[in-house]
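Quick notes on the structure that follows.
The values are calculated or read from the model by the stated rules, or taken from the named source; none is laboratory data. Please read all numbers here as calculations on a predicted model, not as lab measurements. Here Cβ is always computed from backbone atoms with ideal geometry, including for glycine, and neighbour counts include all displayed protein chains. Accessible surface is based on the protein model in full, side chains and every heavy atom, while ligands, DNA and RNA are left aside. Shrake-Rupley method; radii C 1.70, N 1.55, O 1.52, S 1.80 Å.
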Amino acid sequence: MKNLKKPTANGQKPIATNFKQMKKLIYFLILAPLFLLISCTKQEDAKQAEDSINAADLEKHIVALASDEFQGRKPCTAGEDATTQYLEKAFKEMGIAGAFDGSYFQEVPLVEMNYTPQNELKLKTKKGVLRLEYITDYIASTPHIVEEMNIKNSELVFAGYGIVAPEYGWNDYKDIDITGKTVLVLVNDPGFTTQDSTLFRGNAMTYYGRWAYKYEEAARQGAKGIWVIHNTKAAGYGWNVLTNTAHSNLYMQSEDNTAEGCALEGWITDVAAKKLFAACGFDFEKLKKEALNPSTFKAVNLGSKLNLKIKNKLKFTSSKNVAGIIKGTDTPDECIVYSAHWDHFGIGPIAKGDSIYNGCADNAIPVASMLETAKAFANLKKKPKRSVIFLSITAEETGMIGSQYYAKNSVFPVEKTVANLNYELFLPLGRMKDVTITGYGQSELDNYVADAAKEQDRYIIAEPFPENGMYYRSDHFRFAQVGIPSLFIKGWQDSRTHGKEWAKQQINNYWATAYHKPQDEYNPKTADLAGNVEDAKLFFKIGYRLANETKFPQWNKTSEFRAIREQSLKRNNQK
Ligand SMILES: [Zn+2]
């Protein structure tokens, strides 16, 4: 029991206590206004910094980055030099230091591989020899940096969706040793196939539905090779999209060039898969149905072996990520990373008389917007408590390689990186009432967006086509993949002046006429940058809040990245 204070005879507290209380009151009277003053000036400071973001400065950056002089900003060309030098100069002029031990540049070692797989496969099956043709029936490549890849006698196994997802009680690789074998897996995830909203995330694609995940999981299982079975509806794109880009690819160089990925990666058409299964004595449609039941499905050995040779031409090269940093005052080793890829397609095939792929919306406006957010941070009188990094990334268009490299070689460890905010594909359509969140529901960062949006009299809304898996298709995803909560947001769906239908038309028009074409150009006559200014301010608000608190926002329970983050934070606590 606590000792109770003895009351004095007249019931009043002793004078000493009164004096203590008086002292407390005096402190309160002095300190409270002081705190108020500090927080007011802090708010005022942030407000002034944010207000320095403006359309004229934004436009200056856009005009430069999207100009013909920058030649479409292709990595490893003169366009890269122009772009990266421009970014370095911009950071220097703002007084922002280089993020990589004082340098603004991070060298990203790359290798371009041109594949020539053998033209025809002869598979010995139960019902005789089955011939499959390259491009018509299958595509094949290898991520291993070798001049020749030779797959010999690798058993073919159907492994359902190729998914191991403990949070959904799903394991397509249970009770089978897959080492050295080649797996055939279905594209997308069971939720999409069944459109059952209680299975995975229903119509919305999860990372488990992406081919990239399936490649990674097969490698983790020790498979020699993987073929994803194509289906236009489930993949979201036709077979031609795959064959157009099948001949070459850019990869990150790693220390051990054979360590990552299966020796064979590729796709097979559903028509060819059906033939193959039938030749091996199996009914493809029946197995597809069985693969939807995780408690009874077991991977099936098809009883046929794959022999396949791939010849590679290798070209070693390198490109640069560019980044500036504002060091935190209290916890400088914790950081917020803003990102926007600078690269685009350079000079390419002529379309409508133009061959320079200027990449204005993709991604000159976003890079310019990030520079404006950076300027606001640089203008703060009181610097943020945590460090803030502004990272402009290379080789996004060729497989998000710059961000993949950064995630492996980050300025601060992954577990000290609080959040990533990514700028990608901004159209100059004027002010928007909405803030569209791609990957809505993934993490607590949604609340930060909602609060900042409210300050701008805007509302948050989910991206309208989650079945396309856009959340897994830009640089923020490389942060998510290593567990860092990341945001992909912008005004997109609800024009303040012209409404929703108009916004939709503009965007559809962009997809049809300009996206990844020379027509993605800056037109000062039609561009309205007011919405982009507002978005740059929104990014500032969110980052400013994150950089001045001690909290680490978490992934939501249903997120496929939550377990990865928990692991890495645990490692951090053990240090
Ligand atoms: Zn882009």
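For the reader, a short list of remarks on this structure follows.
- Residue within segment 325-344 that is closer than 24 Å to ILE139 by Cβ and either within 16 Å of the ligand (Cβ to nearest atom) or among the hydroxyl-bearing types (Ser, Thr, Tyr) (or both) present: no
Rundown of residues vs (1) part of a loop (DSSP other than H, G, I, E, B); (2) of a type in the set (Lys, Arg); (3) open to solvent by less than 10 Å² (accessible area, probe 1.4 Å), yes/no style:
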site	(1), (2), (3)
ASP175	yes, no, no
THR179	yes, no, no
PHE200	yes, no, no
LYS214	no, yes, yes
GLU217	no, no, no
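- In segment 350-375, residue farthest from the ligand (Cβ to nearest atom) [restricted to those that are open to solvent by 10 Å² or more (accessible area, probe 1.4 Å) and under 14 Å from LYS74 (Cα atoms)]: SER355
- Residue-level check: of (1) modelled with pLDDT of 95 or more; (2) of a type outside the set (Lys, Arg); (3) open to solvent by less than 50 Å² (accessible area, probe 1.4 Å); (4) touching a Leu at 6+ places or on another chain (Cβ under 8 Å), ASN301 misses just (3).
- Residues of segment 538-575 satisfying the condition of being in a loop (DSSP other than H, G, I, E, B), open to solvent by less than 40 Å² (accessible area, probe 1.4 Å) and at pLDDT below 95: SER559, GLU560, PHE561
- Residue within segment 346-369 that is within 18 Å of the chain's Cα centre (by Cα) and under 18 Å from ASN548 (Cβ atoms) present: no
- Note on segment 47-73: residues that are surrounded by fewer than 22 Cβ atoms within 10 Å (Cβ to Cβ) and either in contact with a Pro (Cβ under 8 Å, 6 or more places away or on another chain) or over 30 Å from GLU455 (Cβ atoms) (or both) amount to 7.
- Segment 395-430: number of residues that are within 16 Å of the ligand (Cβ to nearest atom) and of a type outside the set (Ser, Thr, Tyr): 16
- Hits in segment 391-417 (condition: hydrophobic (A, V, I, L, M, F, W, C), surrounded by 24 or more Cβ atoms within 10 Å (Cβ to Cβ) and under 24 Å from TYR544 (Cβ atoms)): LEU391, ILE393
- Positions within segment 351-381 being closer than 24 Å to GLU534 by Cβ and either charged (D, E, K, R) or part of a loop (DSSP other than H, G, I, E, B) (or both), in sequence order: ASN358, GLY359, ASP362, GLU372, LYS375, ASN379, LEU380, LYS381
- Segment 303-328, subset in contact with a Pro (Cβ under 7 Å, 6 or more places away or on another chain) and among the polar types (S, T, N, Q), residue nearest to VAL129 (Cα to Cα): SER318
- For ALA378, the requirement of being at pLDDT 95 or above, away from the ligand (no atom under 14 Å from the Cβ) and either of a type in the set (Ser, Thr, Tyr) or under 24 Å from the mean Cα position of the chain (by Cα) (or both) is not met.
- Matching entry among ASN249, ASN240, ASN301 (being out of contact with any Gly (no Cβ under 6 Å at 6 or more places or on another chain) and part of a helix (DSSP H, G or I)): ASN240
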